[in-house]
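Readers should treat all values here as calculations from the given coordinates under stated rules, not as data from a laboratory. Everything numeric here is computed off the predicted structure, so don't read it as measured data. Virtual Cβ from ideal backbone geometry, glycine too; neighbours counted across all protein chains shown.
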Amino acid sequence: MASYTDEYLKFLRLLDKHKVDYLVIGAYAVMIHTKTPRATKDMDTWIRQTEENAVKLAASLKEFGGLEVSEEAILKMGQRIEIKSEAFKIEIWTSQEILGFEEAWERKLTDTLEDFSINVVSKEDLIKLKKHFNRPQDKMDLSLLENG
């Protein structure tokens, strides 16, 4: 199962509190779907690109660590917003090359974590993303996802 640091929990809790439309993708999604822990250097999330959601995300980031991120930056296609310290790294993606957010949102998994819910990309969509990126770690993740 996924092991969350305090910073990741705080971040996810704030996304839930501000009702941000987002999906957990990457290693944490793999761990959630396969119930298999694996090493990772970051948490990847993907957000719905609407003005309303950009306002909610900006408020979440401000509360998370006093971060000032403009709605314009959040609304740029192909954007990656990175938040990091020595203890954690969070990447927020605004789009994915091979998958639209709306279709992925329809198939999402909602997982309960402590006292709030998190939105996770579906196993089917995670497999598509992993096949597309096709890095060595993605190939290992595919093995877990397709055989688990």
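Rg to Rh ratio, the range 40-109, alpha-carbon atoms and Kirkwood radius? Radius of gyration relative to Kirkwood radius: 0.97. Against the main long axis of the alpha-carbon atoms of the chain, helix 123-133 sits at an angle near 90°. For the chain, a Gaussian network of Cα nodes joined below 10 Å ranks Ala58, Ala39, Ala73 by mean-square fluctuation, and the top entry is Ala39.
Pairs of Cα atoms under 8 Å, at least six residues apart: use those to get the relative contact order of the chain, whole percent.
Numbers: 220 pairs, mean separation 36.8, N = 148.
Averaging sequence separation for qualifying contacts and normalising by length gives 25 percent for the chain.
The H on the amide N of Asp21, modeled in the peptide plane, is under 5 Å from the matching H of Arg48, each at least 5 residues off or on a different chain.
Angle of helix 6-17 to the longest C-alpha principal axis of the chain, folded into 0 to 90 degrees and rounded to 10: 70°.
Between the Cα long axis of helix 51-65 and the first principal axis of the chain there is an angle of about 90°, rounded to the nearest 10. Close amide H partners of Lys89, meaning residues 5 or more places away or on another chain with modelled amide H under 5 Å apart, are Met43.
Going by C-beta contacts inside 10 Å, put Thr34, Thr40, Thr112 in order with the fewest on the left.
On the way: Thr34 20, Thr40 16, Thr112 8.
Ascending Cβ contact count within 10 Å gives the list Thr112, Thr40, Thr34.
For Lys89, the lysines whose Cα falls under 17 Å of its own Cα, not counting residues fewer than eight places away in the same chain, are Lys10, Lys41, Lys62. Taking every alpha-carbon pair under 8 Å whose residues sit at least 6 apart, the range 1-63 reaches a relative contact order of 42 percent. Extending 7 Å from the Cα toward the beta-carbon at both Asp111 and Lys19 defines two label points whose distance is 2.5 nm. Each label point was placed 7 Å from the Cα along the Cα-to-Cβ direction; for Lys76 and Thr40 their separation is 2.5 nm. Here Glu103 and Lys62 are evaluated by their C-beta separation; at R0 = 22 Å the FRET efficiency comes out at 0.15.
Could you calculate the FRET efficiency of Glu146 with Glu86 from 1/(1 + (r/R0)^6), where r is the beta carbon distance between them and R0 is 35 Å, rounded to 0.05? The pair Glu146/Glu86 has a calculated efficiency of 0.50.
Sort Val55, Val121 so that the residue with the fewest other Cβ atoms within 10 Å of its own Cβ comes first and the one with the most comes last.
Numbers: Val55 14, Val121 31.
Fewest-to-most Cβ neighbours within 10 Å comes out as Val55, Val121.
In the chain, the C-alpha radius of gyration followed by the widest Cα-Cα span (Dmax) gives 14.4, 42 angstrom.
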